[in-house]
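Read the figures in this text as sums done on the coordinates, not as results from a lab. This is a predicted model, so every value here is computed, not measured. FYI the Cβ positions are ideal-geometry reconstructions off the backbone, even for glycines, and counts take in every protein chain you see.
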Amino acid sequence: METNLLEIIYLIGSITFILGLKMLSHPDTARKGNLIAAGGMIAAIFGTIFLYHDVEGNNLGNYIWIFAALIVGTGVGFYSAKKVQMTAMPEMVSLFNGMGGACAAIISIVELNHFLHAPHLIESLLTNGHPLLNGQVFIMALGLIIGSVSFAGSMVAWGKLNGKVKDFSFPGQQFMNIGLMIAILALTVFMMFVDVEMAQILVYAIFGLSLVYGILFVFPIGGADMPVVISLLNSFTGVAAACGGFLYGNSVMLTGGILVGSAGTILTILMCKAMNRSLMNVIIGSFGGSSAANPALAGATGDIREITMNDTAVLLSYSKSVVIVPGYGLAVAQAQHVCHELEKTLEEKGVEVKYAIHPVAGRMPGHMNVLLAEADVPYTKLLEMEEINPEFPNTDVVLVIGANDVVNPAAKRDPSSPIYGMPVLDVELAATTIVLKRGMAKGYAGIENELFYEPKTRMLFGDAKATLQKLVAEIRSL
Amino acid sequence: MDNSVELLLNFFYVYRELITIVILSIFLGIEIIGSVPSVLHTPLMSGANAIHGVVIIGAIIVMGKAEPDNYLALVLGFLAVILGTLNVVGGFVVTDRMLEMFKKKKK
């Protein structure tokens, strides 16, 4: 009876996840979708606590421990999620993703240990002298590997996003990564053919190597690739969760995990396409390597032309149409509110203002959308690359705020450029382009930007927030 | 050789229902994501991130099954439940905060 009820709760949980994801795909229903999925999750959690029976019909115990952990996790999770600044969201998602990966890895370790201590509990698929050669051991090992990689990778991604970890790579790292992956898989297969004592040691070896792989996997990947990496690690954790579902024959874990796994993979592929790179290329982590290999790129020299605050204000005020291109610099400077203010001030003067959102601007998919939404910019004003690119020739002024690689014309012109082939915003087609930057530093791909030397480009140096504030004041005083 | 074929067939037979769920879920996930506007990519990723927090159910089972004298399982299970809860609660709250902003400016 109780088990039947639990299965129904799990079924409802699975349906809420599907509905939730579906509703998250439309702005009007997204919030409700999230709450529905959360409701299904709560039901599944409490259903498991009170209704779960193992194969021998035993209830779960250790209620005090379970509730203590739930309370601690809820408190810390709720507090940190409420407190985090909008600009730090990508880090936060990466961090929570790592927690999920670690959780999956721990489950696998405990269950493998349990199984190795009592192999008679689970029947081998074949009674051929290899008790460990069965599906369950394989699934547990898989959950361990994927969970650990996801945990270690997410932690590095988190560190990189908040600036604690720098890009790092060494010659031959790609081969080392491939070698590590092969070693991990080989050890996993090997583990299924050895005796229990040996297997126990191998579990920790696999765990350790997976952590190292996760770290090395994300270390060399530059900031420009972070959206892809976070999306990929997200789907990894989904698969790791699904491994747990497979192990326990638990339908809600399985559907939830696989849904996230496949959805995350599709999102990752969309990101890769936007950057004109294959997923394999990203996984092997060659981005940092290739740009380091040809540091001297021809063509990107010449004079830059600065523009004064006053000229910028006049130019913007007397334009008919202005397109703002936001980038990571906007997020770093926390300039989204001032940016919205600038937009409103210009609109009051009868200037049409739109935003051009490159799919990989910022540090994760849709980073700019979230940031500008926080500042109350209506999402109808945020145009995607395909929509806005045909409009640039009819645009008077493009204001690039803290974006670099996504407006680099080298992606279209210079076949030797590491970002060659990546779709970029055609800002150079506008009558004038004003680039707001702190200095002449390179973008995350580490390459020069020819745009800055174009005759139609003007540079406005300074911190995005301070500069925009002055600009708004200047425009108002005109 | 015979053995490995038998093993594989056995694996598929034993797990046939779960494998069916896996395959259907893969296609479902692809279908759902295919229609998402890029405006919602970050909230969607965050929402998906919260949903894979369902791994907490495994952690609860590990914790609840741990024998009182198996300290390794107790400590690791306790840790796993905390981590899983962080993933679930943090994930859903962060997603809600992001989506709250989308709603606010729809006047």
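Going from the residue with the fewest nearby Cβ atoms within 10 Å to the one with the most, A:F138, A:F67 rank A:F67, A:F138. Exposure proxy shown here: for A:L11, A:L371, A:L216, A:L180, the number of other Cβ atoms within 10 Å sets the order, fewest to most, as A:L11, A:L180, A:L216, A:L371.
One quarter of the surface of the convex hull around the alpha-carbon atoms of segment A:51-183 equals 12.1 nm², the direction-averaged projected area. Take each residue of peptide A:77-86, count the partner chain Cβ atoms within 10 Å of its Cβ, and average: the result is 5. With contacts defined as alpha carbon pairs under 8 Å and 6 or more residues apart, what's the relative contact order of chain A in percent? Value for chain A: 13 percent. Net charge dipole, the protein assembly as shown: roughly 1520 debye, given to the nearest 20, about the Cα centre with Cβ charges of +1 for Lys and Arg and -1 for Asp and Glu.
Averaged over the residues of A:196-203, the number of partner chain Cβ atoms lying within 10 Å of the residue Cβ comes to 0. Taken residue by residue and averaged, Cβ atoms of other chains lying within 10 Å of the Cβ of A:138-147 number 1.
Rounded to whole Å and sorted largest first, what semi-axes of the equivalent ellipsoid does the C-alpha gyration tensor of segment A:191-256 yield via the square root of 5 times each eigenvalue?
Numbers: eigenvalues 148, 91, 6 Å².
After scaling each eigenvalue by five and taking roots: 27, 21, 6 Å.
Here the peptides A:399-408, B:73-82 are ranked by packing, the mean other Cβ count within 10 Å, and the order with the highest first is A:399-408, B:73-82. With helices as the sole contributors, the protein assembly as shown gives -20000 deg cm²/dmol at 222 nm; each DSSP H run of n ≥ 4 counts as -39500 (n - 2.57), and the sum is divided by every residue.
Would you kindly give the portion of the calculated P(r) for segment B:1-71 that falls above 17 Å, as a percent of all Cα pairs? Mind showing how you got there, number by number?
Working: 1723 of 2485 pairs.
Roughly 69 percent, rounded to a whole number.
Remark: chain A is approximated by an ellipsoid whose semi-axes, taken from the C-alpha gyration tensor as √(5λ), come to 49, 27, 16 Å, largest first. Dividing the Cα radius of gyration of segment A:90-290 by 2.2 N^0.38 Å, with N the residue count, gives 1.05.
Packing-based ranking of B:8-17, A:318-327 yields A:318-327, B:8-17, ordered from highest to lowest mean Cβ neighbour count within 10 Å.
Beyond a 25 Å Cα-Cα separation, which of these cross-linked pairs lie in this structure: A:K320/A:K456; A:K82/A:K470; A:K412/A:K456; A:K32/A:K83; A:K22/A:K83; A:K164/A:K344? Write out the running numbers ahead of the final one.
Numbers: A:K320/A:K456 17 Å; A:K82/A:K470 31 Å; A:K412/A:K456 18 Å; A:K32/A:K83 22 Å; A:K22/A:K83 28 Å; A:K164/A:K344 36 Å.
Over 25 Å apart, Cα to Cα: A:K82/A:K470; A:K22/A:K83; A:K164/A:K344.
Residue exposure proxy: A:C339, A:C272, ordered by other Cβ atoms within 10 angstrom of their Cβ from fewest to most, comes out as A:C272, A:C339. Entry note, segment A:90-290: relative contact order of 27 percent, from Cα contacts under 8 Å with a spacing of 6+ residues. Would you tally the net charge around B:S46, using a Cβ to Cβ cut-off of less than 10 Å, leaving B:S46 out, and scoring K and R as +1, D and E as -1? Once all neighbours under 10 Å are counted, the net charge is 0. The ratio of the alpha-carbon radius of gyration of segment A:1-83 to the globular-protein estimate 2.2 N^0.38 Å is 1.30.
In square nanometres, what is one fourth of the surface area of the convex hull spanned by the alpha carbons of segment A:141-242?
Values: hull surface 26.8 nm².
Mean projected area of the Cα convex hull: 6.7 nm².
Overall size of segment B:39-107 from C-alpha positions, given as principal axis extents largest first: 59, 15, 12 Å. Put simply, when A:149-159, A:45-55 are sorted by average Cβ atoms within 10 angstrom per residue, most first, you get A:149-159, A:45-55. Built from the Cα atoms of segment A:1-42, the convex hull projects on average onto 2.5 nm², one quarter of its surface area.
When the Cα centres of segment A:198-217 and segment B:55-101 are compared, how far apart do they sit, in Å? Each part's Cα centre sits 22 Å from the other's.
For segment A:309-477, just run the numbers: alpha carbon Rg, then divide by 2.2 N^0.38 Å, N being how many residues it has.
Here the answer is 0.94, to two decimals.
In terms of its C-alpha gyration tensor, segment A:340-415 comes out oblate, because a/c is 1.5 or above while a/b does not outweigh b/c.
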